[in-house]
Each structure stands twice: as C-alpha cells, then as structure tokens.
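> Provided herewith is a single structure, encoded as structure tokens, for subsequent inquiry.
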Amino acid sequence: GAVVSQHPSWVICKSGTSVKIECRSLDFQATTMFWYRQFPKQSLMLMATSNEGSKATYEQGVEKDKFLINHASLTLSTLTVTSAHPEDSSFYICSARDVIQETQYFGPGTRLLVL
Amino acid sequence: AQSVTQLDSQVPVFEEAPVELRCNYSSSVSVYLFWYVQYPNQGLQLLLKYLSGSTLVKGINGFEAEFNKSQTSFHLRKPSVHISDTAEYFCAVSEAGTASKLTFGTGTRLQVTL
C-alpha cells in the first residue's frame, strides 16, 4: 500500500514551453500533497503545499505564477512549470500525506531538462 | 519550527559491517520522526518512523532506529549492511499531530564496499 506515482518520469522541453507533472496517490486519499525540488547531491527543497479544493501554499522565494499547482481531487495534484527556462531544470518530487498513517509517501520523481 | 542535523555527509562501510547514521533534531513541540532512503534517480522510500510508543522502531530492510528524547536524537542502525544498501539516507521531522510539512536533514550518503 501507500503508493504514489508521478508522470512523466522525465521530460525534455524547449525554453519557453510549459510542462505539467502529475502526482497521484494510488491506494489512499490525500487531502494534502507536497511538491519538492532537488538539486544534485542535495536535500529536498519544499516548493509548495497542495491542498485539495483550495489554493496551494508556496514557500518563500517560490514564484506561484511560474509553478502552478492544482489539487482537483483527493488523489491527484499537478505542478505546471510555465514558460520553462534552463534554470528550471531539476528533479521534481511530490509526496502525498496519508492522514491515517500520519506519513508522507513520495513519488518516484520527474527529471526535467529545459533546453 | 523544527530543524534536523545529519552530521555525517558520507559514511563508508564494508559489507557485513554494522552501521549507524546519526540524526539530531531541534523542536519546541512534540515531533514525529522519519528515515527515508533514496536510491539514484528515484524518489524517497520510507524506511521507518516514530510517532509514539516504543522508542525502538524497526523498519524495512533490517534497519532500526531509537528515539532518544533527552538527547533529541533518532539514529539509524543496521547490524550488517549489504552492497544494495548504498544510497542516500534522509532523516526528517514534523510536528506531531498536525498536517505540517516535513523538515529534512541534509542527507547521509552510505557507501558500502566489499
């Protein structure tokens, strides 16, 4: 149990295009999901907290207009990187919080390369 | 707010030897504690967690950790490591009883060699 999927697992795009990443909790409902960014050989940096049916809460320094988050259902949150630039290239990881288990479960990550 | 310190950025160890990965935390409130493992180019996998109860927690892959409130520590141990345990290990803390976010340590790279 407690499986979280992410799609796509990797994406290459041209500068200026938008990229959407999906995060799904497969066997539990998640009112809260989280989006992280990870640079090589570093820890995870929380970007935003995604709440089902309401606006996301962004961490300081994260541009909400650039990283659009939608949490339309109890099993799906999406992150859209708008007008992507090479500096947005990174490994993006989502997690979903299982309220019963009091635990965050992580997706496998999405590697984004912007050319 | 909470903080987590993983003092060892890298821990080299021979196969079948024991290992301890250290984690200390700081918090003014009760906390939940977690250890996650990350293999290359993958997400994080939960190894074990402490929410309440017994301070000795057993997890997957033969790992265990002990919550020590007086020393604000949650060290991860394994009595005999395998090559396949080579990975990045993250300690994380969250405020107990809430839907608060996780605060991660900087990670410890466990390198197991023959």
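> Which FRET efficiency, nearest 0.05, do B:Glu15 and A:Ser83 yield, Cβ-Cβ r, R0 41 Å?
0.25
> So, with +1 on the Cβ of K and R and -1 on the Cβ of D and E, and no other charges, what is the size of the charge dipole of chain B about its Cα centre, to the nearest 20 debye?
Once rounded to the nearest 20, the dipole reads 280 debye.
> Considering the dipole of the stretch B:3-113 built from charges on the beta carbon (Lys and Arg +1, Asp and Glu -1) around the Cα centre, which of B:Leu76, B:Leu21, B:Val93 is farthest to its positive end?
After comparing all options, I get B:Val93.
> Continuing with this model, one more query. Non-local amide H neighbours of A:Ser89 (under 5 Å, H modeled in plane, Pro and chain starts lacking H): which ones?
Here A:Val114 satisfy the definition.
> Above 28 angstrom, tally the Cα pairs of the protein assembly as shown and express them as a % of all pairs, no decimals.
When every Cα pair of the protein assembly as shown is considered, 31 percent fall beyond 28 Å.
> Next question. Can you work out the Karplus-derived ³J(HN,Hα) for every residue in the stretch B:36-44? Use 6.51 cos²θ - 1.76 cosθ + 1.60 with θ = phi - 60°, whole Hz, and x for glycine or proline.
Calculated HN-Hα couplings, in order: 10, 10, 10, 8, x, 6, 10, x, 9 Hz.
> Arrange A:Leu44, A:Leu74 by Cβ neighbour counts within 10 Å, fewest through most, would you?
Listed from fewest to most nearby Cβ atoms, that is A:Leu74, A:Leu44.
> Follow-up question, since we're still on this one. Taking amide H positions as placed in the peptide plane 1.01 Å from N, state which residues far from B:Ala96 in sequence (5 or more) or on other chains have amide H under 5 Å from it.
Under 5 Å from the amide H of B:Ala96 lie the amide H atoms of B:Ser30, B:Val31, B:Tyr32, each far enough along the sequence or on another chain.
> So what are the radius of gyration and Dmax for the Cα set of the stretch B:3-113, in Å?
Looking at the stretch B:3-113, its Cα Rg and Dmax stand at 13.3, 40 Å.
> Sticking with this one: For the stretch A:105-115, just list the computed ³J(HN,Hα) in residue order, Karplus coefficients 6.51, -1.76 and 1.60, θ = phi - 60°, integers in Hz, with x standing in for Gly and Pro.
Result, rounded to whole Hz: 10, 9, x, x, x, 10, 8, 10, 10, 10, 8.
> Separation of the stretch A:68-111 and the stretch B:51-114 by C-alpha centroid, Å?
Here the answer is 23 Å between Cα centres.
> Within the protein assembly as shown, which cysteines find no other Cys whose Cβ is under 4.7 angstrom from their own?
So far as the 4.7 Å Cβ criterion goes, A:Cys13 stand without a partner in the protein assembly as shown.
Values quoted throughout were computed directly from the atomic coordinates according to the rules given, and no laboratory measurement underlies them. These figures come from a predicted structure and were not determined experimentally. Using ideal geometry, Cβ is built from the backbone for each residue, glycine included, and neighbour counts are taken over all protein chains shown.
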